[in-house]
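Q: The structure's right below; bear with me while I get my questions together.
The values are calculated or read from the model by the stated rules, or taken from the named source; none is laboratory data. Since this is a predicted model, take the numbers as computed values, not measurements. Every residue, glycine as well, gets a Cβ built from its backbone with ideal geometry; the counts of neighbours run over all protein chains shown.
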Amino acid sequence: MIRERSVKYLVVDVFIYVVLGLILASCVLPFIHELAISLSARPEVMANRVGLWPTGFNLDNYRAVATKDPFLRSLLMAVLRVVVAVPCTLLMTVLTAYPFAMERVHMPGRRTFMTVMILANLFDIGLIPRYLSYLNLGLIDNFAVLILPILLLTFNVILVVNFFRGISYELVESAMLDGANHLNILFKVMVPLSKPVLATISLFTIVRHWNAWFDGIVYLRDVKLWPLQSYLYSMLSTQQLATEYAAFRFSGIFPNVSPHGAEAAMVFFAILPIVIVYPFLQRYFVSGMQLGAVKG
Amino acid sequence: MAQELVERQSTPALPEARPAQTSPSHPPTLPSSSGKAGPRHWLLYLLLLPAAAALILFRVYPLWGIGIAFVDYNPVKGLGDSAWVGWKNFQEVFRRPETINLVRNTVVIALGKITLEEVAGLSFALLLYEVRFPLYRRFAQVVTTFPHFFSWVIVGTMALSLLGATGAVNGLFASVGLPAVRFLADKRVFPYTLVFSDVWKEFGWSAVVYLAALTQINPELLEAAAVDGAGRGARLWRIVLPGVLPVFVFMVAIGMGGILDAGFEQVLVLYNPAVYSTGDILDTYVYRMGLVNFKFEIATVVGVVKAVVGFVAIMTANWVSGKLSGYRMF
């Protein structure tokens, strides 16, 4: 860092910090505002009197949302989706990456397959052919439709291929001399050494599946199978929220529930896992992107 | 120069950036482990079976759907028994005035997002680059990259709340005497709403790439320049910017491959009939026509044309990027 001792430098420095502060504020304030709404009493929310601090602090919005069966079910579906998708994705990625990474082994057709895979994943035929194809494959209204189509992602495969290639080939050779076949080499040599890249892919997969919502609303007609964010999308209309939560108000159980507040509470339920986990894992996301860098 | 893997939200995959003139020469095949694909090596093909199945089921098989664009599709009869109409559906689509509007909206919004995301990301990275406290830099990175990891349902819900007629932003405007802006209901404003909310969501993540590139710039170069009397501005203009230019060009060029994508999930969450004329993009049109109005042929025609043109766009973008910046996606 080069520091000069001049007024001009100081002025520019101050300017930079001020601008940065404004930018950071613009990133944080919207969330603070929504948080305040979610924690405020109904009359204040309905009258748009809530600023950055809750008025009439109460937890009714959160309580109401947490007792709603559809919401809880969608939460379960989201967790289920992530828990199933991560190991399946890792397995698919690792199985596919290994043959690509074993360049010293003669394997006719490897390059062709790789090219086909990359190109095929780039060409998205469109929503209608996909929907009808899934229908024919029995995937409509089937929970598997949330997982199977995105098991094989070129991004993940390339990441692992590059990592595998970085593993010292002597280890592979000595395993071969010991009579190991490729399955052994893959799961007893490569995979144990690949924890960093597998962790990165797991993180990306978790985020992808936690955030996915469109596939749910399109391919699952049964609302009971919808994961969290699909359910959230269906609640985006305020009319719907008002109807959903009217019962709470009239029965007096959670008198301070407001449609806006309930919506905000749902948003915070949805981002809570990410908010808690992300600051600690942020460097893995960032370094994960650089993990696949071609060496040299 | 930093060579990195980058991921975008709309493209399914972005393999690593590598120098354009690459093609690794075949590593020497060692006698002990090579030879013909002998009995040991057939296992490698077995390992590719799941991938082959996935590709066939989800990428190759759906290609039959192209046929829907050429028939009068009757879902009950299926594709084989539906009446063949040749190019009639295509003519119908291109005859409609909304088609050219859709393309215009899509390209304009996509261009805005692609360029602004990168410019904002680079600018923010340059600002952060000048910060002396690593803790502040880490904090700023965490805070600004958060929105990248939220879905558009989340961010869209907040945007709808904040930018609505009774939202906080208009409330702020009112309190300082500014007129209210109908961010979500005014068709002249809506494209800006789309672009700027997207930039807000993504600039932090974009900046990660640039910050990594910036830290790769040789500090001795900067010190030498400072000794020679170059101030911050001169160092920026003559050393720093030229240093990150290849990365910037790469990001923009590759982003251009998504020129027809324009952010489907965001638009779907934020749009409404009042802003269809400027906010409807190709993908949202396909969704509405196909799965809401059940006009399968129209939806398929638009979808297929978009797929083909989009594919050409990505391949072209990859090639152009290689020529301009020296980096390619694949």
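Q: Anything in the stretch B:274-311 that is surrounded by fewer than 24 Cβ atoms within 10 Å (Cβ to Cβ), within 30 Å of B:F248 (Cβ to Cβ) and at the interface with chain A (Cβ under 10 Å from one of its Cβ atoms)? List them, or say none.
A: B:A307, B:V308, B:G310, B:F311
Q: Of (1) touching a Leu at 6+ places or on another chain (Cβ under 8 Å); (2) more than 9 Å from chain A (Cβ to nearest Cβ), B:L135 satisfies all except one. Which?
A: Exception for B:L135: condition (1).
Q: Let me ask something else. Within the stretch A:155-169, can you find the residues that are crowded, with 22+ Cβ neighbours inside 10 Å and farther than 9 Å from A:A101 by Cβ?
A: Listed by number, the residues that qualify are A:F155, A:N156, A:V157, A:I158, A:L159.
Q: State all residues of the stretch A:123-142 that are assigned to a helix (DSSP H, G or I) and touching a Pro at 6+ places or on another chain (Cβ under 7 Å); if no residue qualifies, say none.
A: If the condition is that a residue be assigned to a helix (DSSP H, G or I) and touching a Pro at 6+ places or on another chain (Cβ under 7 Å), then A:P129, A:R130, A:S133 are the ones that fit.
Q: Within the stretch A:109-122, how many residues turn out to be free of Cβ contacts under 8 Å to residues at least 24 places away in the same chain and surrounded by fewer than 17 Cβ atoms within 10 Å (Cβ to Cβ)?
A: Qualifying residue count for the region: 6.
For every residue, the table says whether it meets (1) outside any loop (DSSP other than H, G, I, E, B); (2) more than 20 Å from B:I154 (Cβ to Cβ).
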{"site": "A:I2", "(1), (2)": "no, yes"}
{"site": "A:V11", "(1), (2)": "yes, yes"}
{"site": "A:L35", "(1), (2)": "yes, no"}
{"site": "A:N48", "(1), (2)": "no, yes"}
{"site": "A:G51", "(1), (2)": "no, yes"}
{"site": "A:P70", "(1), (2)": "yes, no"}
{"site": "A:L90", "(1), (2)": "yes, yes"}
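Q: Is at least one residue of the stretch B:71-88 of a type outside the set (D, E, K, R) and part of a helix (DSSP H, G or I)?
A: no
Q: Having 2 or more residues that are small (G, A, S) and more than 14 Å from the chain's Cα centre (by Cα) is the bar; report the helices (runs of 4 or more DSSP H) wholly within the stretch A:144-233 that clear it.
A: A:169-177
Q: Moving on to the next point. Give me the pairs, please: first residue somewhere in the stretch A:88-108 and more than 22 Å from A:T200 (Cα to Cα), second residue anywhere and hydrophobic (A, V, I, L, M, F, W, C) and part of a helix (DSSP H, G or I), beta-carbon distance under 6 Å, and either six or more positions apart or on two chains.
A: Within 6 Å, the pairs are A:M107/B:L44.
Q: Let me ask something else. Which residues, counting only those in the stretch A:22-40, are more than 10 Å from chain B (Cβ to nearest Cβ) and under 25 Å from B:Q141 (Cβ atoms)?
A: Listed by number, the residues that qualify are A:L22, A:I32, A:L35.
Q: In the stretch B:93-183, which helices (runs of 4 or more DSSP H) lie fully inside it and hold 2 or more residues that are more than 23 Å from B:V267 (Cβ to Cβ)? Reasoning before the result, please.
A: Working: elements: B:97-129, B:134-145, B:152-163, B:168-175.
Counting at least 2 such residues, we get B:97-129, B:134-145, B:168-175.
Q: Further question on the same structure: For the stretch B:43-67, enumerate the residues that are in contact with a helix residue (DSSP H, G or I) (Cβ under 6 Å, 6 or more places away or on another chain) and of a type in the set (G, A, S).
A: Scanning the stretch B:43-67 gives B:A51, B:G65.
Q: Looking only at the stretch B:96-127, how many residues end up being surrounded by fewer than 16 Cβ atoms within 10 Å (Cβ to Cβ) and basic (K, R)?
A: 2
Q: Across the stretch A:248-296, what is the number of residues that are buried (at least 20 other Cβ atoms within 10 Å of the Cβ), among the charged types (D, E, K, R) and at pLDDT below 85?
A: Of the residues in the stretch A:248-296, 0 are buried (at least 20 other Cβ atoms within 10 Å of the Cβ), among the charged types (D, E, K, R) and at pLDDT below 85.
Q: Here is a further query. Looking at the stretch A:121-141 only, could you name the residues that are of a type in the set (D, E, K, R) and either within 10 Å of B:V304 (Cβ to Cβ) or facing another protein chain (nearest Cβ under 7 Å) (or both)?
A: Residues satisfying the conditions are A:D124, A:R130.
Q: As an exercise: evaluate B:V143 against (1) touching a Cys at 6+ places or on another chain (Cβ under 9 Å); (2) of a type in the set (A, V, I, L, M, F, W, C); (3) surrounded by 22 or more Cβ atoms within 10 Å (Cβ to Cβ) and give the number of the one condition it does not meet.
A: Among (1) touching a Cys at 6+ places or on another chain (Cβ under 9 Å); (2) of a type in the set (A, V, I, L, M, F, W, C); (3) surrounded by 22 or more Cβ atoms within 10 Å (Cβ to Cβ), the lone unmet condition for B:V143 is (3).
Q: Going by what's in this entry, would B:P219 be described as within 13 Å of chain A (Cβ to nearest Cβ), of a type outside the set (D, E), without any contact (Cβ under 8 Å) to a residue 24 or more places away in the chain and surrounded by fewer than 19 Cβ atoms within 10 Å (Cβ to Cβ)?
A: It is true that B:P219 is within 13 Å of chain A (Cβ to nearest Cβ), of a type outside the set (D, E), without any contact (Cβ under 8 Å) to a residue 24 or more places away in the chain and surrounded by fewer than 19 Cβ atoms within 10 Å (Cβ to Cβ).
Q: Which of the numbered conditions does B:I109 fail, given that it passes all the others? Conditions: (1) within 27 Å of A:V286 (Cα to Cα); (2) within 17 Å of the chain's Cα centre (by Cα); (3) not basic (K, R).
A: Looking at each condition in turn, B:I109 falls short on (1).
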